[in-house]
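The values are calculated or read from the model by the stated rules, or taken from the named source; none is laboratory data. Quick caveat: nothing in here was measured; it's all calculated off a predicted structure. Positions of Cβ are backbone-derived with ideal geometry, glycine not excepted, and every protein chain shown enters the neighbour counts.
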Amino acid sequence: MAAVVVKDLRKVFGDVAALDGVSLSVRDGEFLVLLGPSGCGKTTFLRIIAGLERQTSGDLLINDEIVNDITPRARGVAMVFQSYGLYPHLTVANNIAFPLRTQGTPRPDIKRKVDWAAGLLGIDHLLHRHPRQLSGGERQRVALARALVRNPTVFLLDEPLSNLDAKLRASARSELKQFQQKVGTTTIYVTHDQVEAMGMGDRIAVIDHGKLRQVGTPSEIYDHPADDFVASFLGTPPMNLVEHNDGLLGFRPEHFLPREMLDGAALSELPFRIDRMEYLGSERILYGALDGFQAKREITAKLPAHVPLSGIRAGEWHKFAVRNAELRYFDRDGRRIVSPKEQAR
Amino acid sequence: MSVTAQAAAPRRLARSRFTFDRLEVLGPLFIIPAILYVVVLVGLPFLLALYYSVSAYSIFNPSYTFVGLKNFREVIDSEIFRRTLANTLIFTISAQIIGLLLGKIGAMLLMQEFPGRRLARALIVLPWAVPVSLATLAWVWMFDSLYSVINWTLLAAGLIDPAHRPQWLGQEDLAMIAVATVHAWRLFPFGVVIFLAGFTSVPQDVLDAATIDGAGFWRRNYQIILPIIAPIIMIAVIFGTVFTFTDLSVVYLLTKGGPINSTQVLGSLAFQVGILSGDVAHGAAICLFLFPFLLVAVILLLRSLRRREI
């Protein structure tokens, strides 16, 4: 069963199409991540699902019912905002209770549900504080508790981790994912951070310029990008793309290794001129150029830091290679060409 | 070699060049005009008023004889003063409520997107910006017994009887309505600006969250927006109250306190007694009745303001 279905959704602001015909179905209980650069239309998409904006055309279904003209409060969705959107004049308890009050929930039930949500998120001791007395991580939990408390059909999360510092973000990421698995609520999560997308999403939908580029599991998106945009948006550094036979040839930096490290299997040897090296602790990034290939960007290779750099020096050529199975081909328009061997699999 | 020799004696930067970078110079420099203003234009007149109010000073008999609280007692005993005090309260409270209420509605309308919104926002400030004498003169004509456009309109609409047209400035009850209306009209742009500033200071995320949490128009307004902007509104109320309580221009220009003192307010009465009649001592005593009222109002409001912040 699909919890949320959108069909050919379009949203036009003036003469700019923020969403240009997006069709997508989110499965019941799924954690779907909408990933894209800023300004790609992902937040607009979320706001349309929430009912904060009306689409220009297209249908939106929640639990198999068309909700195009249903008010936000009747849609049964809950949303967590980038800056959390907590009510500054209300205590944590009243913040969490607010959606219940608007529904006219009886007082004892409100108390019970607030305690339950606060307990689940470990914020019971903060119930009498005001939002400004909380840290970023605590505010985020309050926002989640407020979203959770009325058993929404869908959770909509708009970059909820972007206001946390890097260290907290990593732990919040895994907590959020665990939490979602525990409550099992269908979740649509918007982010521009590929690490969040890869780490949390059951599936990822990559959006660019209002168009859906690819929907798939993190490994599908990473290993088999549908086009050159997806290929170059994911990965740090992203996939190397070079011009090849009227199209593009792509390979991930971590698959582009010194020839002597690879053995057996079918290889493509590529002489690599190393221009500079970056040491990142656990790995080294090598920047340079290939002999005989035109590339849009600098070519990069990613080597584990423990590999000895025998004979590899900046300013010199070295024989590098990629396993043929790791090569990806794209046509002139950037769309993926699936090799016959892959199709057989 | 010569380079090292020079480096041995580092050049001292002229201190005077950075005089104005020093906080102990710049700070007092900035605060002095404000202090001068308060001392010369607020402090001195206030002390003078205190002094006159306990003397028998009048322009005909400039004697500094100390008379104690005699002036105050006489003022309190006078029928006119008691009526004036009640008028001032009615005038202040009603103008305040009407002005701010309309200001809120105006601000809510101006938050909407519509063609010409910028122009409308600019024009709304006019009643505040136009000199009070000019604006009030226009109102005098609108309330005029013969040429009142208000009456013409009401007549044309068949709402009033031509034989009994309202004398806006000549009837006791209507005159109070007239002065309060004009003052509310002057406060209105201020209310609009304050509420607009308040509304735009409420984060969109908070409003969106309330919408999704199921709050409709009224709940969003009275449970989310108003409590959040309450501190800003408090400032508007303090300012508006002081501005209205001490105002004499509208009353003086429209009715001169009449008919039969029905629109007399503390400011206009003090002006009439102290300046026009030359009884400076009683004028000062009347004026000083403003002080405790304003003091109490400001203390109350500031306290509620601080409670909000905690």
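What to note about this one:
- Identity of the residue in segment A:87-99, more than 9 Å from every other protein chain (Cβ to nearest Cβ) and within 20 Å of A:Val183 (Cα to Cα), that ends up surrounded by the fewest Cβ atoms within 10 Å (Cβ to Cβ): A:Ala97
- Qualifying residue in segment A:137-153 (condition: away from chain B (no Cβ under 14 Å) and either over 22 Å from A:Phe31 (Cβ atoms) or touching a strand residue (DSSP E or B) at 6+ places or on another chain (Cβ under 6 Å) (or both)): yes
- Helices (runs of 4 or more DSSP H) fully within segment B:119-162 that include at least 3 residues being more than 23 Å from B:Leu102 (Cβ to Cβ): B:149-156.
- The set of residues in segment A:102-119 that are in a helix (DSSP H, G or I), under 20 Å from B:Asp213 (Cα atoms) and either over 32 Å from the mean Cα position of the chain (by Cα) or more than 14 Å from chain B (Cβ to nearest Cβ) (or both) comprises A:Thr102, A:Arg107, A:Pro108, A:Asp109, A:Ile110, A:Lys111, A:Arg112, A:Asp115, A:Trp116, A:Ala118.
Residue-by-condition table, conditions (1) of a type outside the set (Phe, Trp, Tyr); (2) surrounded by fewer than 18 Cβ atoms within 10 Å (Cβ to Cβ):
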position	(1), (2)
A:Pro237	yes, no
A:Leu241	yes, no
A:Asp246	yes, yes
A:Arg252	yes, no
A:Phe256	no, no
A:Arg259	yes, yes
A:Phe272	no, no
A:Tyr279	no, yes
A:Ile285	yes, yes
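- Filtered by the rule that a residue be among the small types (Gly, Ala, Ser) and within 10 Å of chain B (Cβ to nearest Cβ), segment A:120-136 gives no residues.
- Criterion: touching a residue at least 40 places away in the same chain (Cβ under 8 Å), small (Gly, Ala, Ser) and not in a loop (DSSP other than H, G, I, E, B) - qualifying residue of B:Ala230, B:Ala270, B:Ala210: B:Ala230
- Cross-chain or 6+ apart pairs with Cβ under 6 Å, segment A:72-94 first and closer than 13 Å to A:Arg129 by Cβ, then in a loop (DSSP other than H, G, I, E, B) and among the aliphatic types (A, V, I, L, M): A:Val92/A:Leu127; A:Ala93/A:Leu127
- Residues being over 23 Å from B:Glu113 (Cβ atoms) and surrounded by fewer than 21 Cβ atoms within 10 Å (Cβ to Cβ) are represented in segment B:184-198 by at least one member.
- Only one of the numbered conditions (1) more than 13 Å from every other protein chain (Cβ to nearest Cβ); (2) modelled with pLDDT of 85 or more; (3) buried (at least 23 other Cβ atoms within 10 Å of the Cβ) is not met by B:Ile224, and that is (1).
So that you can scan it fast, the table gives a plain yes or no per residue for (1) under 15 Å from the mean Cα position of the chain (by Cα); (2) closer than 12 Å to A:Phe31 by Cβ:
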{"residue": "A:Thr187", "(1), (2)": "yes, yes"}
{"residue": "A:Gly201", "(1), (2)": "yes, yes"}
{"residue": "A:His209", "(1), (2)": "no, no"}
{"residue": "A:Val215", "(1), (2)": "yes, no"}
{"residue": "A:Pro218", "(1), (2)": "yes, yes"}
{"residue": "A:His224", "(1), (2)": "no, no"}
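- Those residues of segment A:132-149 which are more than 26 Å from the chain's Cα centre (by Cα) and either crowded, with 21+ Cβ neighbours inside 10 Å or in a loop (DSSP other than H, G, I, E, B) (or both), in sequence order: A:Leu134
- Out of B:Val265, B:Val296, B:Val250, sole residue that is in contact with a Gly (Cβ under 9 Å, 6 or more places away or on another chain), modelled with pLDDT of 80 or more and of a type in the set (A, V, I, L, M): B:Val265
- Scan of segment A:36-86 for residues that are crowded, with 21+ Cβ neighbours inside 10 Å, part of a loop (DSSP other than H, G, I, E, B) and within 13 Å of chain B (Cβ to nearest Cβ), ordered by number: A:Gly51, A:Phe81, A:Tyr84, A:Gly85, A:Leu86
- Residue match in segment A:211-220 (condition: at pLDDT 90 or above, in a helix (DSSP H, G or I) and not acidic (Asp, Glu)): yes
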